[in-house]
Number of protein chains: 2
Amino acid sequence: MSNEKITSTRAANYSEWYQQVIKVAELAESSDVRGCMVIKPWGYALWENVQRVLDGMFKATGHVNAYFPLFIPVSYLEKEAAHVEGFAKECAVVTHHRLELRDGKLVPTGLLEEPLVVRPTSETIIGASFAKWVQSYRDLPLLINQWANVVRWEMRPRLFLRTAEFLWQEGHTAHATAAEAVEETMKMLGVYAEFAEQWMAMPVIQGEKTAGERFPGAVQTYCIEAMMQDHKALQAGTSHFLGQNFAKASGIQFTDDKNVLSHAWTTSWGVSTRLIGGMIMTHADDDGMVCPPRLAASQVVILPVIRKPEDRPRVLEWCRALQQELRAQTYAGTPVRVELDDRDINGGEKKWQWIKKGVPVWLEVGPRDIDGDSAFVGRRDKVKDKSVGTKRPDLVAGIAATLQDIQDTLHARALAYRTEHTKIIDSKAEFYAYFAEPAKKDANDPTPIHGGFAMAHFNGDPKLEETIKDELGVTVRCIPLAPGEPGTCPFTGQPSAKRVVWAKSY
Amino acid sequence: MSNEKITSTRAANYSEWYQQVIKVAELAESSDVRGCMVIKPWGYALWENVQRVLDGMFKATGHVNAYFPLFIPVSYLEKEAAHVEGFAKECAVVTHHRLELRDGKLVPTGLLEEPLVVRPTSETIIGASFAKWVQSYRDLPLLINQWANVVRWEMRPRLFLRTAEFLWQEGHTAHATAAEAVEETMKMLGVYAEFAEQWMAMPVIQGEKTAGERFPGAVQTYCIEAMMQDHKALQAGTSHFLGQNFAKASGIQFTDDKNVLSHAWTTSWGVSTRLIGGMIMTHADDDGMVCPPRLAASQVVILPVIRKPEDRPRVLEWCRALQQELRAQTYAGTPVRVELDDRDINGGEKKWQWIKKGVPVWLEVGPRDIDGDSAFVGRRDKVKDKSVGTKRPDLVAGIAATLQDIQDTLHARALAYRTEHTKIIDSKAEFYAYFAEPAKKDANDPTPIHGGFAMAHFNGDPKLEETIKDELGVTVRCIPLAPGEPGTCPFTGQPSAKRVVWAKSY
């Protein structure tokens, strides 16, 4: 029977549960290549929807796409010292351009004069192009995005969250003034936040990173941070104001309208397939994946319930007609994505497959349902449908509302969860107690889970942050953009401008 | 003045002309990384449109997308001998996973136990996944597509046509029977042909490759071949029936409904950014790029003609309204893509920039045009507009028809060009004369261009084909699918089933 629940729960073993969800939902799997994953069709379709929506948002804010080389000459990396520090440790390095068969084994030959790095990020190689493209203030702003794969060698890979190769987009822009570049940085942070909230149903806190968590070479790094169901924070997207650092390293210069030569001000911003890990850990439950309706590969699946073979043609015909009617409806700007699963396999097993995959709505249709011109409506968020009847015309007319209701429910739940596990903390003792891992009583005891997000004042001292990181594994996830009151740092008694978000993180 | 013509013509120096078109149209440029190109926004948008349309066609024929690792263990390549032969010679090989700074230089460290190859194609790594995914006939057919970058080290790179890294899609399917796999192979060939003809306005000949031109490891390779303006053939897409070769190499096995274990039958098929090279060499002229309307990044550009500053607000307002009206029109399934170029630069220069970029339609709008509620309509195909008036309502209502008329004109011209330069040849002497490069009289003499496509009989002997290749640089581009009469091979006097297409090629 594959209509069993997955073999772990969030409470029992969170990490095992995460792996299981990915497996039973057929989202991805590990490959034989260390740290690299295979993204399976159901998982990749989530990414395609992420791409489609974000790409539209980027274009609506004036950006165009381009494509830059996969390989970066090692000498490019050497140009920006902080960047070298940040990326050189974990690069795939191409040293040869040929293989030769010797004694039945392929061995590398054709040594390259200069080794090439598989891009861990494209700042340096895009910088080289920008330096050619930008001459005058008339060439600015330059607003470019790239959808690409990047590689950062990972010693402890986890599907979607941390893989050696991952898919992402990286925006790179150049501006004539610092103010414009800062405005761009904040605008794209806002795009990410809107996407996370509206499309992923994932509440996020927008904020700035402390110096210790900044992108190597950035002047300021902003991020969106979300809470996962183990109370850890996931950095889901970043937007960097790079000042003139990369422009100086790459030679991006322009003459202004008074013919004065200056370095441009640049930004970069990115999100990756990590977002899918975020969706899983925000919404999935002990039955498997729960896809937010706006990004689900299929939003509705129709499951014909056929017990007698002679019912088959009639039931399938009705289901096909229903599929067409539903597909004619629009939700979130696209036709409703409806699948009809007419595979001739056990009905209970089939239903459980879809529950595990996290399809937002399933419709069960048997001969009796057809007699009543209705269908059973199952909602993956487990809310009994209240918005529409199950009569076919109501179901069809109300499908967009049902999907949005699920979307809203998922968002509200995630927000409530975050609120529940966020605490205002004003003393060091309480802070340390909050983040202490409860002891595991025995092997059967659930995975201990610490407090969650702590909103505490902080004097901003990098050394203090380092100490807390060493002692608790907790860092400042961000200094929220939202207004806050000044107060006193509970660790030092010194003044603090506002509370910051402390958490353990992925 | 940048409203000059590009500095070479097709007749004077075809190869130089091709480079110039790419440069002035801002389609792409070489990078510092050997053989790798930067695809600039105007060129990348063509690729985005190719992707959007083809992806829709793949999905309409039942395929889903997935993503497989960039890296392939060398041992995977060793599994299929023909494949090794075909790809091992030109691979980027990753041997290290770290860089360390020594005396200011980054040097590779962290030697990998097994080298990794940057995928030249993904048959072997996708095969490894298919072997896991396929157990029973119920798992078949498996219809997967991947959009990805691949790397084949190129000693003589040419932008779009032959670059070390290129973007492509690769379809990989597994089937229970040979007949189904062959049907899939032909279906996807048909999809490519339809796309080339309908969307790229590029006439193609569908046919089968001879053994010498087959994909390494394939049982049969089918292709679409197009004629470029130097009379050479461009292989624009291929579809391979792989028999059970790759299934055996990768262990893709299934039990049929009688519980008998068999190897699956597989196919693969792909097109790449080479298609953009094909578009350029099919449609571009001595003024620059000519984009087929259905794939053009912008289909219409509005050029305000402002001589007195006080006219500016009024002209721009009218142009913006026109842009909105045009964008509300639909062409080939999407809203018409309309740009308003309100940059404050010389009008003639601006217009020439757009001509060089190959925008299908430009509209010039000055105060007098506005007084007459009309605009000047420029067509990049240089056909004087006959289908619609230049009065604004006619222009708006007729824009889709105008774009389609340009699309049709480009296709008809390309087809006429191919017909003109295709000859039925029945003697060896005529064949050799047809393909001889005319001698170049002096440095100012145009690039000599040989005949074109020869339709000649062929006995099918690989050695004969090899001899002709050595002597003339001419190969059998394909054995056309279209019906043909049997006849006599002009080289051997032996019987021939039908005429084949002989040509020089890219």
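Going through A:Asp344, A:Asp311 one at a time, which residue ends up being farther than 29 Å from A:Arg52 by Cα and either open to solvent by less than 50 Å² (accessible area, probe 1.4 Å) or in contact with a Leu (Cβ under 9 Å, 6 or more places away or on another chain) (or both)? Walk me through it before giving the result.
Numbers: A:Asp344 fails: either open to solvent by less than 50 Å² (accessible area, probe 1.4 Å) or in contact with a Leu (Cβ under 9 Å, 6 or more places away or on another chain) (or both).
Just a single option satisfies the conditions, and that option is A:Asp311.
Which residue, of B:Gly104, B:Gly171, B:Gly190, B:Gly110, is open to solvent by 10 Å² or more (accessible area, probe 1.4 Å) and within 18 Å of the chain's Cα centre (by Cα)? Outline the logic, then answer.
Numbers: B:Gly104 fails: within 18 Å of the chain's Cα centre (by Cα); B:Gly171 fails: open to solvent by 10 Å² or more (accessible area, probe 1.4 Å); B:Gly110 fails: within 18 Å of the chain's Cα centre (by Cα).
From the options B:Gly104, B:Gly171, B:Gly190, B:Gly110, the qualifying one is B:Gly190.
Taking the stated definitions as given, is A:Glu197 assigned to a helix (DSSP H, G or I), farther than 24 Å from A:Thr266 by Cβ, at pLDDT 95 or above and not β-branched (Val, Ile, Thr)? If you could, list the steps in order and put the result at the bottom.
Working: assigned to a helix (DSSP H, G or I): yes; farther than 24 Å from A:Thr266 by Cβ: yes; at pLDDT 95 or above: yes; not β-branched (Val, Ile, Thr): yes.
Yes: the conditions hold for A:Glu197.
Got a sec? Which of B:Phe160, B:Phe166 is outside any strand (DSSP E or B), within 14 Å of chain A (Cβ to nearest Cβ) and either hydrophobic (A, V, I, L, M, F, W, C) or under 27 Å from B:Lys40 (Cα atoms) (or both)? Lay out the reasoning, then the answer.
On the way: B:Phe166 fails: outside any strand (DSSP E or B).
Result of the check over B:Phe160, B:Phe166: B:Phe160.
Here are B:Val50, B:Val38, B:Val93: which of them is open to solvent by less than 10 Å² (accessible area, probe 1.4 Å), closer than 30 Å to B:Trp352 by Cα, without any contact (Cβ under 8 Å) to a residue 60 or more places away in the chain and not aromatic (Phe, Trp, Tyr)?
B:Val38
With a cut-off of at least 1 residues that are under 17 Å from A:His421 (Cα atoms) and open to solvent by 20 Å² or more (accessible area, probe 1.4 Å), name the strands (runs of 3 or more DSSP E) lying wholly within segment A:445-506.
Details: elements: A:453-457, A:475-480, A:499-503.
Where strands (runs of 3 or more DSSP E) fall fully within segment A:445-506 and carry at least 1 residues being under 17 Å from A:His421 (Cα atoms) and open to solvent by 20 Å² or more (accessible area, probe 1.4 Å), they are A:453-457, A:499-503.
Listed residues A:Phe215, A:Phe246; which is within 18 Å of the chain's Cα centre (by Cα), within 26 Å of A:Asp139 (Cβ to Cβ) and either buried (at least 20 other Cβ atoms within 10 Å of the Cβ) or in contact (Cβ under 8 Å) with a residue 12 or more places away in the chain (or both)? Spell out how you get there, then give the answer.
On the way: A:Phe246 fails: within 18 Å of the chain's Cα centre (by Cα).
When all the criteria are applied, what remains is A:Phe215.
Quick check: anything in segment B:57-67 in a strand (DSSP E or B), among the hydrophobic types (A, V, I, L, M, F, W, C) and either modelled with pLDDT of 95 or more or under 26 Å from the mean Cα position of the chain (by Cα) (or both)? It would help to see each step written out before you state the result.
Our first condition is that a residue be in a strand (DSSP E or B); within segment B:57-67, this holds for B:64-65, B:67.
Narrowing the set further to residues that are among the hydrophobic types (A, V, I, L, M, F, W, C) leaves B:64.
Okay, now just the ones that are also either modelled with pLDDT of 95 or more or under 26 Å from the mean Cα position of the chain (by Cα) (or both), so B:64.
Yes: one or more hits.
Just to check your reading of the model, which residue among B:Ala25, B:Ala45, B:Ala11 is of a type in the set (A, V, I, L, M, F, W, C), open to solvent by 10 Å² or more (accessible area, probe 1.4 Å) and within 18 Å of the chain's Cα centre (by Cα)?
Numbers: B:Ala25 fails: open to solvent by 10 Å² or more (accessible area, probe 1.4 Å); B:Ala11 fails: within 18 Å of the chain's Cα centre (by Cα).
Sole residue among the options that is of a type in the set (A, V, I, L, M, F, W, C), open to solvent by 10 Å² or more (accessible area, probe 1.4 Å) and within 18 Å of the chain's Cα centre (by Cα): B:Ala45.
Quick one: which residue in A:Ala233, A:Ala284 is small (Gly, Ala, Ser), within 22 Å of A:Tyr192 (Cβ to Cβ), touching a Lys or Arg at 6+ places or on another chain (Cβ under 8 Å) and open to solvent by less than 20 Å² (accessible area, probe 1.4 Å)?
Numbers: A:Ala284 fails: touching a Lys or Arg at 6+ places or on another chain (Cβ under 8 Å).
Sole residue among the options that is small (Gly, Ala, Ser), within 22 Å of A:Tyr192 (Cβ to Cβ), touching a Lys or Arg at 6+ places or on another chain (Cβ under 8 Å) and open to solvent by less than 20 Å² (accessible area, probe 1.4 Å): A:Ala233.
For (1) open to solvent by less than 10 Å² (accessible area, probe 1.4 Å); (2) over 16 Å from the mean Cα position of the chain (by Cα), each residue gets a yes or a no:
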site: A:Val151; (1), (2): yes, yes
site: A:Arg158; (1), (2): no, no
site: A:Glu194; (1), (2): no, no
site: A:Ala201; (1), (2): yes, no
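Just to be sure before I move on: is A:Arg327 open to solvent by 40 Å² or more (accessible area, probe 1.4 Å), within 24 Å of the chain's Cα centre (by Cα) and under 30 Å from A:His411 (Cβ atoms) in the structure I sent? Lay out the reasoning, then the answer.
On the way: open to solvent by 40 Å² or more (accessible area, probe 1.4 Å): yes; within 24 Å of the chain's Cα centre (by Cα): no; under 30 Å from A:His411 (Cβ atoms): yes.
So A:Arg327 fails the test.
When only residues in segment A:97-143 that are of a type outside the set (Ser, Thr, Tyr), at the interface with another protein chain (Cβ under 8 Å from one of its Cβ atoms) and in contact (Cβ under 8 Å) with a residue 24 or more places away in the chain count, which is nearest to B:Leu77 (Cα to Cα)?
Ranking the candidates gives A:Val118 first.
Give the residues of segment A:68-81 that are facing chain B (nearest Cβ under 7 Å) and assigned to a helix (DSSP H, G or I), sorted by residue number.
Those that are facing chain B (nearest Cβ under 7 Å) and assigned to a helix (DSSP H, G or I): A:Val74, A:Leu77.
Is it the case that some residue within segment B:317-338 is in contact (Cβ under 8 Å) with a residue 60 or more places away in the chain and in a strand (DSSP E or B)?
Yes, that holds for at least one residue.
What number of residues in segment A:255-301 are within 23 Å of the chain's Cα centre (by Cα) and assigned to a loop (DSSP other than H, G, I, E, B)?
15
What number of residues within segment B:8-59 are more than 9 Å from every other protein chain (Cβ to nearest Cβ), closer than 19 Å to B:Gly237 by Cα and among the hydrophobic types (A, V, I, L, M, F, W, C)?
Result for segment B:8-59: 6.
Identify, from the list B:Val53, B:Val84, the residue that is part of a helix (DSSP H, G or I) and at pLDDT 95 or above.
On the way: B:Val84 fails: at pLDDT 95 or above.
When all the criteria are applied, what remains is B:Val53.
The values are calculated or read from the model by the stated rules, or taken from the named source; none is laboratory data. This one's a predicted model, so the numbers in the text were calculated from it and none came from an experiment. Cβ sites come from the backbone with ideal geometry, for glycine too, and all protein chains shown count toward neighbours. Ligands, DNA and RNA are excluded from the accessible area calculation, which covers all protein heavy atoms including side chains. Shrake-Rupley method; radii C 1.70, N 1.55, O 1.52, S 1.80 Å.
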